[in-house]
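The values are calculated or read from the model by the stated rules, or taken from the named source; none is laboratory data. A quick note: this is a predicted structure, and the numbers were derived from the prediction, not measured. No Cβ is skipped: glycine too gets one built from the backbone with ideal geometry, and neighbour counts run over all protein chains shown.
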Amino acid sequence: MSEHAHKPPNQLESASGTLAIALSVGLGALILFLAASLGYRQLAFAVESRTAHGTVTKVEQTQSMHKGGVRITDWPIISFPNAAGNTVTFKPKETWDFLHYAIGQKVDVLYLPDEPASAQIDSFVPLFGIPVFTAFIGAAFIVLPFRIKKNWQRDRRKHR
C-alpha cells in the first residue's frame, strides 16, 4: 500500500492540491517564457526592420465553423516598395478576426532589407498580439489555481 493510503483525507487532498498547483504554476511559467521569447523576437524584428508605406491590393477571405456559425477572416495581400525601389507583395503570417482590410487601404509595413518577404503590418496587434495573448494564458495558469484553492478553502470553512 502506498504511504498516502494511511493519511487522513485532509492531508491527501492537500498534497494532491499542492501538486496540482505546482504543475499549473510550472506550466504557466513555461508559457510565460514562450510569450517573452515571442515578444523579444517581434521586438528585435521591429528594431532591425525598415518602414515602408504599403497598400492592400487584394483581400482573401477564409471561412471557419464555430459555435456561433461561420467566422470570416480577412487576409490582406499587401504591396510596398522596398529600399531598392522594387515592389514587394506579401500576405501576413497571422491575422485576427476583428481586423478588416479594404482594397486600396494604406498600411505601414515593417520589413528586413535582406528578407523583404518577412514583412509585417506595423501595428500593435499584428506585431504583438500573439505574445500578449500567450502571456495572458500563462498568467492564468499561475494565478487561477491559487484563486480556486482560496475559494475552495473558504467554502469548506463555511460548510463545517
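Quick check on my filter: what residues within the range 42-66 are exposed (fewer than 11 other Cβ atoms within 10 Å of the Cβ) and part of a helix (DSSP H, G or I)? Answer for the range 42-66, where residues must be exposed (fewer than 11 other Cβ atoms within 10 Å of the Cβ) and part of a helix (DSSP H, G or I): A44, V47.
For every residue, the table says whether it meets (1) under 20 Å from the mean Cα position of the chain (by Cα); (2) more than 21 Å from P113 (Cβ to Cβ).
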| site | (1), (2) |
| --- | --- |
| G26 | yes, yes |
| L30 | yes, yes |
| L34 | yes, yes |
| A44 | yes, no |
| H53 | no, no |
| Q61 | no, yes |
| I72 | yes, yes |
| W75 | yes, yes |
| T87 | no, no |
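Among the residues of the range 127-148, is there at least one that is surrounded by 14 or more Cβ atoms within 10 Å (Cβ to Cβ), in a strand (DSSP E or B) and at pLDDT 90 or above? No, the conditions are met nowhere in the range 127-148.
Among residues of the range 126-149 being of a type in the set (A, V, I, L, M) and over 10 Å from the mean Cα position of the chain (by Cα), the one that is nearest to T73 (Cα to Cα) is L127.
Here is a check on your reading of the model: is S24 touching a Leu at 6+ places or on another chain (Cβ under 8 Å) and surrounded by 16 or more Cβ atoms within 10 Å (Cβ to Cβ)? The answer is yes for S24.
Candidates are the residues of the range 67-122 that are among the hydroxyl-bearing types (S, T, Y) and in a loop (DSSP other than H, G, I, E, B); the one that is nearest to A46 (Cα to Cα) is T95.
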